[in-house]
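Structure first, then comments.
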Amino acid sequence: MLTILFDGIAYGMLLFILAVGLSVTMGLMNFINLAHGAFAMAGGYLTVVLMQRFQVPFLLCLPLAFAATALLGAVMERTLYRHMYKKPHLDQVLFSIGLAFMSVASVDYLMGSQQQIMQLPDWLRGRTELWDGALGMGHYRLFIIAVCAALTVGLQFILAKTRFGSRLRASVDDARVAAGLGIRVNLIFAATFAVGSGLAGLGGALGAEVLGLDPTFPLKFMVYFLIVVAVGGTSSITGPLWAALLLGMADVAGKYYMPKLGSFIVYSLMIAILIWRPQGLFVRKGGR
């Protein structure tokens, strides 16, 4: 039971890092980006290529995956996404899901349809057993929890305590007034989108070994990202974190105890929470 709980927490923390960028773009920038999983897939494939073909150490691949997908996100925000900010949400959905299918087709053509295998360093392959096997902790999952916890604290601090966070909130609340006060709204949005894309890429790099990596990755996990955002709400970091942890633990426990009803349990939990709190678990007062 403790092992299932531990694995569920690790899975949930990974889903949070993968989905938090989507939460930011939907909640703070009011943009629906269903191609968010494509950035995660890009980070995963970049990590696999760097490790397999160029023998780059795993720990170095993680910041490279973040930087590369953040740069990709910044370029796409400047050239494509920016023109869609004021469009209706249906247009945003069709535009971004089209990009997701294009990314799937492109990766399938360039890399093939087979699932990629990532060889972890030896020090991440072990497992520690506690209390006569009652709690089994995989070293890689422990590493995922530590990295994701540090990122969560850093994100919360940036959004709540820094000048960038206050300028971002001001830009979202009223872009015209913020621009009149000298805030470079376009630059703030571009940086926010880039960071969200970079976090997705980092999550893809971390999750390639746990979730599996193939060209259908953006479509396979799109629903999970949307569940995290819908259940957690889009006005804070805390909501998506708790939603991801609940989803991770429910998914792992469901697949272990009732494999044929695993997805049913996840969706039932989502429906129950949304009936109880339609706007998500945590809603900022005065927020959207």
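What follows is calculated from the coordinates using simple rules that are stated; it is not laboratory data. Since the model is a prediction, treat every value here as computed from it, not as a measurement. Glycine also receives a Cβ, built like all others from the backbone with ideal geometry; neighbour counts cover every protein chain displayed.
Looking at A100, A74, A68, which one is touching a Phe, Trp or Tyr at 6+ places or on another chain (Cβ under 9 Å) and buried (at least 17 other Cβ atoms within 10 Å of the Cβ)?
The unique qualifying residue is A74.
I'd like to check something: does segment 46-63 contain any residue that is out of contact with any strand residue (DSSP E or B) (no Cβ under 9 Å at 6 or more places or on another chain), among the charged types (D, E, K, R) and not in a helix (DSSP H, G or I)?
The answer is no, given that none of the residues of segment 46-63 is out of contact with any strand residue (DSSP E or B) (no Cβ under 9 Å at 6 or more places or on another chain), among the charged types (D, E, K, R) and not in a helix (DSSP H, G or I).
I'm told G212 meets every condition in (1) of a type outside the set (F, W, Y); (2) on the phi > 0 side of the Ramachandran plot; (3) touching a strand residue (DSSP E or B) at 6+ places or on another chain (Cβ under 6 Å) except one. Can you identify the failing condition by its number?
(3)
So which residues in segment 209-226 are assigned to a helix (DSSP H, G or I) and surrounded by fewer than 23 Cβ atoms within 10 Å (Cβ to Cβ)?
E209, V210, L211, L219, K220, M222, V223, Y224, L226
Has segment 94-106 got at least one residue that is over 30 Å from T25 (Cα atoms) and touching a helix residue (DSSP H, G or I) at 6+ places or on another chain (Cβ under 8 Å)?
For segment 94-106, residues over 30 Å from T25 (Cα atoms) and touching a helix residue (DSSP H, G or I) at 6+ places or on another chain (Cβ under 8 Å): absent.
Step by step: first the residues of segment 1-59, then only those that are among the aromatic types (F, W, Y), in contact (Cβ under 8 Å) with a residue 12 or more places away in the chain and more than 18 Å from L155 (Cα to Cα), then the one that is surrounded by the most Cβ atoms within 10 Å (Cβ to Cβ). Which residue is that?
Step by step, filter segment 1-59, then rank; the result is F39.
Scan L281, L246 and give me the residue that is outside any helix (DSSP H, G or I), under 21 Å from L5 (Cβ atoms) and in contact with a helix residue (DSSP H, G or I) (Cβ under 7 Å, 6 or more places away or on another chain).
Of L281, L246, the one residue that is outside any helix (DSSP H, G or I), under 21 Å from L5 (Cβ atoms) and in contact with a helix residue (DSSP H, G or I) (Cβ under 7 Å, 6 or more places away or on another chain) is L281.
Let's see how each residue does on (1) surrounded by 12 or more Cβ atoms within 10 Å (Cβ to Cβ); (2) in contact with a helix residue (DSSP H, G or I) (Cβ under 6 Å, 6 or more places away or on another chain); (3) of a type outside the set (A, V, I, L, M); (4) touching a residue at least 24 places away in the same chain (Cβ under 8 Å):
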residue	(1), (2), (3), (4)
Y140	yes, yes, yes, yes
R167	yes, yes, yes, no
A178	yes, yes, no, no
I188	yes, yes, no, yes
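Can you tell me which residue in segment 108-138 is nearest to G204 (Cα to Cα), limited to those that are among the acidic types (D, E) and surrounded by 11 or more Cβ atoms within 10 Å (Cβ to Cβ)?
D108
Could you grab me the full set of residues in segment 77-97 that are aliphatic (A, V, I, L, M) and surrounded by 12 or more Cβ atoms within 10 Å (Cβ to Cβ)?
If the condition is that a residue be aliphatic (A, V, I, L, M) and surrounded by 12 or more Cβ atoms within 10 Å (Cβ to Cβ), then L80, M84, V93, L94, I97 are the ones that fit.
Test of understanding: among M118, M111, which residue is touching an Asp or Glu at 6+ places or on another chain (Cβ under 6 Å) and under 30 Å from T216 (Cβ atoms)?
M118 is the lone residue from the list that is touching an Asp or Glu at 6+ places or on another chain (Cβ under 6 Å) and under 30 Å from T216 (Cβ atoms).
Output yes when any residue across segment 230-240 is surrounded by fewer than 19 Cβ atoms within 10 Å (Cβ to Cβ), closer than 17 Å to L151 by Cβ and touching a residue at least 12 places away in the same chain (Cβ under 8 Å), and no when none is.
yes
If the requirement is being part of a helix (DSSP H, G or I) and more than 24 Å from A178 (Cα to Cα), which of these qualifies: A40, A74?
Answer to the selection: A40.
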